[in-house]
Amino acid sequence: MKLVIITGPHAAGKMTVGQELERLTGLKLFHNHMTIDIVCELFANMPSERIRLTELFREEIFKSFAKSGEYGMIFTYMWAFDSQEDWDYIEHVKSIFEDAEGEVYFVELEAGRDIRLERNRTKNRLANKPSKRDLARSYALFDRIEKKYRLNSLPGEIPYKNYIRIDNSDMEPMEAAELIKRKFAL
């Protein structure tokens, strides 16, 4: 069992690179909006319930998948590196797979802000992430979260041996996926 966690700021290409990596490797893509968008509209006025349900769905999916006998999963996550809660969450997800004899790999994507602002409205992103379709709201969230959190790691901050950082500002998603596949022999 393999788990590839792809992290990076808004619109860095986590899902899109994950889609290409899925095609190349047979790993199953579980992008973070698959759980976020289930509860987003229904619990629009209940943020704590939205968070609770998102976490509950992910937890159960991770536990079931880790014992499934499948080849592996790609999970995308916007990690706030200055939040201990996010570090704890990543450790928890990692432990679910490692406790099931799985291997965990970390991919960090980075791209310039202007590029990410452009990517925030791509056809693929909007098709796969309903909560991003209200562009004014999406851009406001983009700015608010980026002012509050640090969404790329500092040099040497990631302690895991199975780690790669990719600046995909000028890279096609398939190129990034091929790089990940080679690096981790997936």
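The values are calculated or read from the model by the stated rules, or taken from the named source; none is laboratory data. Being a predicted model, the structure only gives us computed values, none of them experimental. Cβ sites come from the backbone with ideal geometry, for glycine too, and all protein chains shown count toward neighbours. What goes into the accessible areas is simple: the full protein's heavy atoms, side chains included, and nothing from ligands, DNA or RNA. Shrake-Rupley method; radii C 1.70, N 1.55, O 1.52, S 1.80 Å.
Here are a few things to note about the model shown:
- Pairs, first in contact (Cβ under 8 Å) with a residue 40 or more places away in the chain in segment 26-47, second polar (S, T, N, Q) and open to solvent by 40 Å² or more (accessible area, probe 1.4 Å), C-beta under 8 Å, six or more apart: H31/N128; H33/N128
- Candidates K123, K63, K129: the one that is basic (K, R) and either at positive phi or at pLDDT 95 or above (or both) is K63.
- The listed residue being acidic (D, E), in contact with a His (Cβ under 9 Å, 6 or more places away or on another chain) and assigned to a helix (DSSP H, G or I), out of E59, E22, E49, E55: E59
- Qualifying positions in segment 34-55 - under 17 Å from the mean Cα position of the chain (by Cα) and either open to solvent by 70 Å² or more (accessible area, probe 1.4 Å) or closer than 15 Å to M73 by Cβ (or both): M34, T35, I38, I51, E55
- Verdict on D82 being within 18 Å of I158 (Cβ to Cβ) and either assigned to a helix (DSSP H, G or I) or of a type in the set (D, E) (or both): yes
- When A44 is tested against the conditions (1) under 22 Å from K147 (Cβ atoms); (2) of a type in the set (G, A, S); (3) modelled with pLDDT under 95, the lone failure is (1).
- Taking each residue of segment 57-71 that is in contact (Cβ under 8 Å) with a residue 12 or more places away in the chain and looking for partners that are in a helix (DSSP H, G or I) and surrounded by 15 or more Cβ atoms within 10 Å (Cβ to Cβ) with beta-carbon atoms closer than 7 Å, six or more apart or interchain, yields F57/T35; F57/I38; R58/T35; F62/V93; F62/I96; K63/I96; A66/I96; A66/F97.
- Residue within segment 54-66 that is within 30 Å of P155 (Cα to Cα) and of a type in the set (K, R) present: yes
- Taking segment 105-125 as the range and being open to solvent by 60 Å² or more (accessible area, probe 1.4 Å) and either within 16 Å of the chain's Cα centre (by Cα) or more than 23 Å from L179 (Cα to Cα) (or both) as the test, the residues that pass are D114, E118, R121, K123.
- Qualifying residue in segment 100-111 (condition: free of Cβ contacts under 8 Å to residues at least 12 places away in the same chain and out of contact with any Ser or Thr (no Cβ under 6 Å at 6 or more places or on another chain)): no
- Residue that is most open to solvent (accessible area, probe 1.4 Å) [pool: residues in segment 148-169 that are over 17 Å from the mean Cα position of the chain (by Cα) and basic (K, R)]: K161
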